[in-house]
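Colleague: My structure is below; once you've seen it, I'll send some questions.
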Amino acid sequence: MMNTLGLIAGLSTFLGIWLGHVGVRKIEHAAPKLWLPVLLALLLGLICEYLSLQIETIWLSTVFGILGVTLLWDGLELMRQEMRVKKGHAPANPSNPRHINFILEIPAATVQDFLDRDPIGQPVSPDKALQLFPER
Amino acid sequence: MNTFGFLLGLATLFIIGLGFIWVIRGERYFGLLWWPYILGLGFVLIVLSLFLHNDWGSALSGITGASLVWGTTEFKEQAVRTELGWYPFYAKKIQPPFASIIKKWKAPHL
């Protein structure tokens with residue numbers, strides 16, 4: 001008999017990280033007020049952990065335990081993502097009122113996504129980095 | 001009360017946390033081109049988990065494998081970050097076997 005628990009745990013981990021990775025970027029980009037999604041992620045994470053502790057079925061307890069911690073982490077990452085936008089390490093959204101303030105008040109903030117290209121194998125200056133992007 | 005999933009969640013948090021470290025250090029000293037080997041190791045651990053009868057062993061093997069597979073998708077962006085000076089850039093990277101072939105493949109990114 002094969003033990004599918006590891007496969008279920010692995011899938012939960014991968015999908016949890018993937019969802020968080022994409023979700024955090026999109027939600028931070030669009031949300032006018034960040035505290036709401038942060039609170040929601042933390043709350044959902046806690047609910048998952050509660051369910052994980054209550055459910056006796058081992059594979060379900062596993063899925064909720066893993067998804068719960070990734071959601072709790074997402075709450076933290078939403079705040080870290082805002083820091084990245086302020087530093088210009090993630091693109092600011094000009095149609096988001098919260099981001100407009102960053103663009104106007106913080107010189108480092110930018111609408112350019114500096115990560116949206118292939119590596120070239122050598123360090124680049126910020127000016128040269130901008131030339132590496134195709135015109136949009 | 002069943003603490004299995006909760007404790008496993010804590011272990012997952014630790015394993016993902018390690019992911020941040022090995023992706024950054026691994027990309028710096030070894031480089032993006034190692035991704036197929038790490039991807040392969042990740043899948044080996046996931047397949048291995050199917051044959052481990054101990055639930056803790058199987059789950060930890062699956063989670064570690066999945067974390068390795070995810071890590072390979074982070075390599076490309078991490079390489080760009082070092083080029084931008086957001087992280088230290090290290091030029092003398094240790095090249096993997098068959099680097100010239102791997103260069104022609106598109107590195108995974110999600």
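The values are calculated or read from the model by the stated rules, or taken from the named source; none is laboratory data. Bear in mind the structure is a predicted one, so any value in this text is a computation, not a measurement. Reconstructed Cβ throughout: ideal geometry from the backbone, glycine too, with neighbour counts over all protein chains shown.
Colleague: List pairs: first residue in region A:1-28 and within 12 Å of B:S61 (Cα to Cα), second residue at pLDDT below 95 anywhere in the structure, Cβ distance under 6 angstrom, at least six positions apart or on different chains.
Modeller: As it stands, the answer is none, since no pair meets every condition given.
Colleague: Next up: Name the single residue that is nearest to B:L45 (Cα to Cα) among those in region B:82-110 being touching a Phe, Trp or Tyr at 6+ places or on another chain (Cβ under 8 Å) and within 7 Å of chain A (Cβ to nearest Cβ).
Modeller: Here the answer is B:L110.
Colleague: Return the residues of region B:1-16 that are farther than 20 Å from A:F14 by Cα and surrounded by 20 or more Cβ atoms within 10 Å (Cβ to Cβ); say none if nothing qualifies.
Modeller: none
Colleague: Quick check on region B:17-30. Is at least one of its residues touching an Asp or Glu at 6+ places or on another chain (Cβ under 7 Å), surrounded by 18 or more Cβ atoms within 10 Å (Cβ to Cβ), in contact (Cβ under 8 Å) with a residue 12 or more places away in the chain and assigned to a helix (DSSP H, G or I)?
Modeller: yes
Yes/no per residue for (1) at pLDDT 95 or above; (2) more than 18 Å from B:G19 (Cβ to Cβ); (3) surrounded by fewer than 17 Cβ atoms within 10 Å (Cβ to Cβ); (4) among the β-branched types (V, I, T):
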| position | (1), (2), (3), (4) |
| --- | --- |
| B:V44 | yes, no, yes, yes |
| B:F51 | yes, yes, yes, no |
| B:G57 | yes, yes, yes, no |
| B:T72 | yes, no, no, yes |
| B:K92 | no, yes, yes, no |
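Colleague: Go through A:S95, A:S125, A:S52, A:S61 for me and flag whichever is hydroxyl-bearing (S, T, Y) and within 30 Å of B:K92 (Cα to Cα).
Modeller: A:S125
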